[in-house]
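Data block below; observations after.
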């Protein structure tokens, strides 16, 4: 189902990615390459808009168990948030995100993730959401903690970056532990 949209609040809208988002996604990555590649391994591969177009086309052609949204803050593209490695049989998924450096410290990622969590638990009916953050990525760890995730362990050499493998902190959130009243 292409074109899903989630309204977070009066400032933030999550729009399922499509080809109309390619230029904004690529331009943001390209303009903030040095900042983003510290924690996002795909940045070094994203050298042309065609690479981003291929990513979006592959998403559009997929079975859609996963769900990736462009984040619009005051109608300006600022990043992505999405679900990946969704396993419907075991009722679990992983949430991931990135945000333009210019839009940090406004609560955009926390609010966007809250909306995605609500969507996962209320609309899809999954039981578990996982979030992974590099052991040195303290900003992302704080997001997980603000959202009520529980640190479950370390995935050694969990992700390959430009500088080599990094360890990942693995956080989990279960539907039964989520406080829906805070939404």
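Below are the figures for this structure:
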read-out: Distance (nanometres) between label positions extended 7 Å along Cα→Cβ at residue 9 and residue 45; value: 3.5 nm
read-out: Label-point gap, in nm, between residue 53 and residue 35 - each point 7 angstrom along Cα→Cβ; value: 2.7 nm
read-out: Calculated diffusion of the chain, Stokes-Einstein form, Kirkwood radius summed over Cα pairs, 10 °C and 1.306 mPa s, µm²/s; value: 95 µm²/s
read-out: Net lengthening on full extension, residue 60/residue 105 (0.36 nm per residue, minus Cα-Cα); value: 13.1 nm
read-out: Relative contact order for the chain, counting Cα pairs under 8 Å that sit 6 or more residues apart, in percent; value: 18 percent
read-out: Cβ-based exposure ranking for 62, 112, in which fewest neighbours within 10 Å come first; value: 62, 112
read-out: Convex hull projection area averaged over all views, region 106-157, Cα basis, nm²; value: 4.1 nm²
read-out: Global size of region 1-91 as Cα Rg and Dmax, reported in angstrom; value: 13.6, 40
read-out: MRE, 222 nm, helices only [DSSP H, n ≥ 4, -39500 (n - 2.57), over the chain, to nearest 500]; value: -7500 deg cm²/dmol
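Bear in mind that the values in this text are calculations on the coordinates, not laboratory data. Source: prediction; values computed, not measured. All Cβ positions, glycine included, derive from the backbone under ideal geometry; neighbour counts span all protein chains shown.
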